[in-house]
Amino acid sequence: MSSLRHIRGLFRQFVNNSCSIKQDRVLSNSNYSSHGNFIVPSRGVQIYKGSGKDWLPTLHVAVTGAAGQIAYSLLPRIANGEMLGEDQPIVLHLLEVPQALSKLEGVVMELQDCAFPLVQGIVATDDLRKGFADVSVALLVGAKPRSQGMERKDLLSSNANIFAEQGKALNEVAANDLRVFVVGNPANTNALICAANAPRFNPERFMSMTRLDQNRTQYMLAEKAGCKIPEVDRVIVWGNHSSTQYPDITHARIKGESARKVINDEKWIREVMIPKVQQRGAEVIKARGASSAASAAAAVVDHMRDYWHGAGDRWCSVGIPSDGTYGIDEGLWYSVPVMCPGGHYRRILNLPIEEFSASMMEKSRKELVEERDAVRHLIPKEFGEKMYTAKKNAVTGAGKKAASK
Ligand code: NAD
Ligand code: LMR
């Protein structure tokens, strides 16, 4: 298993060597702008955990909104190897807006003071092209959170443009094997905008987060059934990361049995569980005065770990470009169940959909169409054609080579 990861790591290095911007340039570039960009090699020498002999080639990982709430919980976990592995050295690329750079400097100090063995360097900047240079994994967290009384789609006007600009920059400077995970809300449509502005990459590489909703559903089921959380599986979150999302337990299992049979309470499922998961974000905001952060960071780690290393036969929900299945318009970023074999995902197809489920899924589809229509000005016209090509490539295998790692 470990040697397979090493072969993948070497392959990734080989693919990225053909990329025009090299790591050396990022780390040795001292021409910073006057508003305080800084690049900090975490230490002069590499510090190895154990012998270090088994370590993979260094990977560049970007996190936007790095001085924000979610990042504060997320960064130490990435740096500690919880997401990409304890044998995966990384250079952290931390992006922020100019006015948050001094706060970011404090975050960098703390990361240094943690002395994480895997961290080979830290790039901290407000310059997208410096920040995304050579990155293989981009976690797009930076965006405004909603406040009490708002829906997540109300954030489109302030956040959508961020993802168009980031898509363009990733397109120019990111590594060939880039994977993008969008967290900033409204996450599904932001992922669509980002992918549409990064035509160099197969849109399948852009995912949006619904893992937090999956975790919330899983917890509620375990609590209700009085079982352990890992004993609940095959929970699905369909659609938008919004109050129209559909947490579906039709196919879920508790200790291998049908969750619905074990719970045996349709009223609770429809009138308590579903609305509670749909409204959980708002409930946290009301109680905390700020949106979820530790649980969001945990969900990022959970999803990316499963995606990167493989999740065996567990199902994961994630927003990905629809391929037209389940009656969802092609090219909407719609959350569906996938299997993660390691480094990519496979949609779980042909699940039977009951009438109630179909009507719930349709509500979320309609909302995503509305969101897409509201940001048409940020989606290049040729994107529809690109979606088609990506799908064709995936079928013929032309996309497989690029997606493998
Ligand atoms: P926060 O306000 O604490 O931090 C956001 C950070 O992003 C700030 O430091 C801000 O300066 C920075 N930022 C803003 N624009 C940026 C840009 N263009 N480039 C780089 N950085 C930028 O917010 P938070 O609590 O960390 O939440 C971040 C986002 O994640 C919000 O949109 C929130 O709604 C969303 N969120 C999504 C989920 C999910 O499940 N998908 C869960 C929780 C939160
Ligand atoms: C959540 O689900 O907790 C986040 O999307 C934050 C929010 O706005 O609800």
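The values are calculated or read from the model by the stated rules, or taken from the named source; none is laboratory data. Only a predicted model underlies this, so the values are computations on that prediction, with no experimental measurement involved. When we count neighbours, we look across all protein chains shown, and the Cβ atoms used for this are built from the backbone with ideal geometry, even at glycine.
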Quick check: anything in region 178-199 within 13 Å of ligand 1 (Cβ to nearest atom) and surrounded by fewer than 20 Cβ atoms within 10 Å (Cβ to Cβ)? no
Unmet criterion (only one of (1) part of a loop (DSSP other than H, G, I, E, B); (2) within 19 Å of Arg146 (Cβ to Cβ)) for Lys276: (1)
What are the residues in region 110-151 that are touching a Lys or Arg at 6+ places or on another chain (Cβ under 8 Å), modelled with pLDDT of 95 or more and among the charged types (D, E, K, R), if any? Asp134
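Every residue, every condition in (1) over 28 Å from Ala196 (Cα atoms); (2) in contact with a strand residue (DSSP E or B) (Cβ under 6 Å, 6 or more places away or on another chain); (3) charged (D, E, K, R); (4) within 16 Å of ligand 1 (Cβ to nearest atom), yes or no:
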{"residue": "Lys267", "(1), (2), (3), (4)": "yes, no, yes, no"}
{"residue": "Gly281", "(1), (2), (3), (4)": "no, no, no, yes"}
{"residue": "Gly289", "(1), (2), (3), (4)": "yes, no, no, yes"}
{"residue": "Trp308", "(1), (2), (3), (4)": "no, no, no, no"}
{"residue": "Ser322", "(1), (2), (3), (4)": "no, yes, no, no"}
Exactly one of Ala169, Ala174, Ala100 is in contact with a helix residue (DSSP H, G or I) (Cβ under 8 Å, 6 or more places away or on another chain) and hydrophobic (A, V, I, L, M, F, W, C), and that one is Ala169
Kindly list the number of the only condition in (1) aliphatic (A, V, I, L, M); (2) within 24 Å of Ile162 (Cβ to Cβ); (3) buried (at least 19 other Cβ atoms within 10 Å of the Cβ) that fails for Val119. (2)
Does Pro275 satisfy the criteria of being modelled with pLDDT of 95 or more and away from ligand 2 (no atom under 16 Å from the Cβ)? no
Considering only region 184-239, state which residues are in contact with a Phe, Trp or Tyr (Cβ under 9 Å, 6 or more places away or on another chain) and basic (Lys, Arg). Lys224, Arg234
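Let's see how each residue does on (1) in a helix (DSSP H, G or I); (2) over 16 Å from the mean Cα position of the chain (by Cα); (3) assigned by TED's automatic domain parsing to the domain that holds Glu86; (4) polar (S, T, N, Q):
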site	(1), (2), (3), (4)
Ala299	yes, no, no, no
Asp306	yes, no, no, no
Gly312	no, yes, no, no
Ser317	no, no, no, yes
Restricting to region 152-169, count the residues that are touching a Lys or Arg at 6+ places or on another chain (Cβ under 8 Å) and in contact (Cβ under 8 Å) with a residue 40 or more places away in the chain. 2
At pLDDT 95 or above, within 16 Å of ligand 1 (Cβ to nearest atom) and either assigned to a helix (DSSP H, G or I) or among the β-branched types (Val, Ile, Thr) (or both) - does that describe any residue in region 333-352? yes
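In region 197-216, is there at least one residue being assigned to a helix (DSSP H, G or I) and over 21 Å from Ile348 (Cβ atoms)?
Checking region 197-216: not a single residue is assigned to a helix (DSSP H, G or I) and over 21 Å from Ile348 (Cβ atoms).
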So if I check each of Ser359, Ser364, which one is surrounded by fewer than 15 Cβ atoms within 10 Å (Cβ to Cβ) and in a helix (DSSP H, G or I)? Ser359
Could you check, for region 241-254, whether at least one of its residues is assigned by TED's automatic domain parsing to the domain that holds Phe356, of a type in the set (S, T, N, Q), without any contact (Cβ under 8 Å) to a residue 40 or more places away in the chain and out of contact with any strand residue (DSSP E or B) (no Cβ under 9 Å at 6 or more places or on another chain)? no
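Are any residues in region 164-193 part of a helix (DSSP H, G or I), away from ligand 2 (no atom under 14 Å from the Cβ) and not hydrophobic (A, V, I, L, M, F, W, C), and if so, which ones?
Correct list: Glu165, Gln166, Gly167, Lys168, Asn171, Glu172.
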Filter region 210-247 for residues that are more than 11 Å from ligand 2 (Cβ to nearest atom) and small (Gly, Ala, Ser); which is surrounded by the most Cβ atoms within 10 Å (Cβ to Cβ)? Gly239
Go through region 127-162 and report how many residues are among the aliphatic types (A, V, I, L, M), part of a loop (DSSP other than H, G, I, E, B) and within 16 Å of ligand 2 (Cβ to nearest atom). 3
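Listed here are the residues, each with its yes/no results for (1) basic (Lys, Arg); (2) touching a helix residue (DSSP H, G or I) at 6+ places or on another chain (Cβ under 8 Å); (3) surrounded by 14 or more Cβ atoms within 10 Å (Cβ to Cβ); (4) at pLDDT 95 or above.
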{"residue": "Gly44", "(1), (2), (3), (4)": "no, no, no, no"}
{"residue": "Ala66", "(1), (2), (3), (4)": "no, yes, yes, yes"}
{"residue": "Ile70", "(1), (2), (3), (4)": "no, yes, yes, yes"}
{"residue": "Met83", "(1), (2), (3), (4)": "no, yes, yes, yes"}
{"residue": "Val108", "(1), (2), (3), (4)": "no, no, yes, yes"}
